[in-house]
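Only one structure is covered here, and it is reproduced in the block below.
The values are calculated or read from the model by the stated rules, or taken from the named source; none is laboratory data. All values reported here derive from a predicted model rather than from experimental measurement. Ideal geometry is used to build each Cβ from the backbone, glycine not excepted, and the neighbour counts take in all protein chains shown.
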Amino acid sequence: MLVSEDIKVTLWKSADKLRAQMDAAEYKHIVLGLIFRKYISDSCTAQQDKIREMVSDPNSDYFISEDPSEYESELEERDYYAQDNVFWVPKESRWETLRAKAKQPDIGLLVDDAMIAIETKNQSLRGKLDKRFGGTQLG
């Protein structure tokens, strides 16, 4: 329950910041877009952990090696994600990559670029992700 409460507090504070800068009709799209970004990034990371386990387990049909240097490239193979209906999120578009750049003044543009990259790599998302983060003050 504590984690759930932390998320609620964080989301509320984020909404408060955005509410002061824009109309509620606009900030709901910003907040929902960021939540979706986080969700697909987390799903991609969880799938990557699953793939890592499969390719490094000698008892798995997908076994490559126990040495990470020999299977690292497989962790970026889109087919492993598609087989389980997980959206592929390019490395430069993943949540943690963007989070590390969160204090940069152009973070909104970086989020827009990440959304474009995600749409490019996932046919079913083309033209569906909100890309108006560059015009907002997210920092």
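Couple of notes before you dig in:
- Within segment 28-49, residues that are free of Cβ contacts under 8 Å to residues at least 60 places away in the same chain and farther than 16 Å from ALA117 by Cα sit with their Cβ atoms under 8 Å from residues that are among the polar types (S, T, N, Q) and assigned to a helix (DSSP H, G or I), at 6+ positions apart or across chains, in these pairs: VAL31/SER14.
- Residue tally, condition assigned to a loop (DSSP other than H, G, I, E, B) and over 11 Å from ILE40 (Cβ atoms), over segment 80-121: 11
- Qualifying residue in segment 30-39 (condition: assigned to a helix (DSSP H, G or I) and more than 19 Å from GLY127 (Cα to Cα)): no
- Segment 56-99, residues that are over 24 Å from ASN122 (Cα atoms) and of a type outside the set (Ser, Thr, Tyr): ASP57, PRO58, ASN59, ASP61, PHE63, ILE64, GLU66, ASP67, PRO68, GLU70
- Flag for ASP130 being surrounded by 12 or more Cβ atoms within 10 Å (Cβ to Cβ), within 15 Å of the chain's Cα centre (by Cα) and assigned to a helix (DSSP H, G or I): no
- Screening LYS128 on (1) within 26 Å of ASP23 (Cα to Cα); (2) in contact (Cβ under 8 Å) with a residue 60 or more places away in the chain shows it passes everything except condition (2).
- Among the residues of segment 106-139, the ones that are over 11 Å from ILE30 (Cβ atoms), of a type in the set (A, V, I, L, M, F, W, C), at pLDDT 90 or above and in contact with a Leu (Cβ under 9 Å, 6 or more places away or on another chain) come to 5 in all.
- Count of residues meeting criterion [farther than 14 Å from MET54 by Cα and surrounded by 10 or more Cβ atoms within 10 Å (Cβ to Cβ)] in segment 66-85: 2
- Scan of segment 99-116 for residues that are surrounded by 16 or more Cβ atoms within 10 Å (Cβ to Cβ) and without any contact (Cβ under 8 Å) to a residue 40 or more places away in the chain, ordered by number: ILE107, GLY108, LEU110, ASP112, ASP113
- Flag if SER56 is free of Cβ contacts under 8 Å to residues at least 24 places away in the same chain, in contact with a helix residue (DSSP H, G or I) (Cβ under 9 Å, 6 or more places away or on another chain) and surrounded by fewer than 15 Cβ atoms within 10 Å (Cβ to Cβ): no
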